[in-house]
Amino acid sequence: MKAYFLRWIVCLCLIGTAALAQTPAGDGSPATAIEGDWLVESRDAIIRIQREGDTFVGAIVWQLHDRYGAEDGPELNGKIVTDRHNPDPALRSRPLTGLRLLWGLHYDADAHAWVDGRVYNTDNGKQYHCEIHLPSPDRLVLRGYIGITLLGGSTNWTRTHEPFPVSSGSASSAR
């Protein structure tokens, strides 16, 4: 009887240790581990995620190409990059820097994930459901999907810290 009880205690301790190892690092609250600046997988933008009320939101705070180049045509060359793929024509002239891309995320302690969020894709002007996992304190996996998580795709972001690199548009305008 004692051996069975001791095995049960050891098993519970191992389960508890595994659960703690999966909890993201942060200021003591796993929910806030998502906050900060994240370099997107393509390395051409930084998204700042922060708490807003009881949810988390994310906005573009830096872009490598914050101005259109010659390859975008003479009518756009040198102008600030805008939300030109937005389905609402009235919003197509808003700059991408400062644009909110993530909203509505809340932390699910059981899933160790931020769920029930929405993500806006500036490349096609569409919104998707999203969830975020932190496999480590400096790596974020965002999964955007339609309806169910199986119908979507994932991207990896890396935590970064200021100062931000010089944007291509900023470098050319400084000359």
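What follows is calculated from the coordinates using simple rules that are stated; it is not laboratory data. These figures come from a predicted structure and were not determined experimentally.
For a test of the definition: using alpha carbon positions, the gyration tensor, and the 1.5 limit on a/c, classify the range 72-118 as rounded, prolate or oblate. Here the range 72-118 falls in the prolate category. On a per residue basis, the convex hull of the C-alpha atoms belonging to the range 115-158 measures out at 72 Å³. Is the range 32-175 best put as rounded, prolate or oblate by its Cα gyration tensor, with a ≥ b ≥ c the root eigenvalues, rounded for a/c under 1.5, and otherwise prolate when a/b is larger than b/c, oblate when not? Taking the square roots of the gyration eigenvalues as a ≥ b ≥ c, the range 32-175 is prolate.
Between amide H atoms placed 1.01 Å from N, distances below 5 Å from Arg139 occur with Arg159, all of them 5 or more places distant or on a separate chain.
Full extension of the chain segment joining Thr55 with Ser29 gains 8.0 nm, where the gain is 0.36 nm per residue of separation less the Cα-Cα distance.
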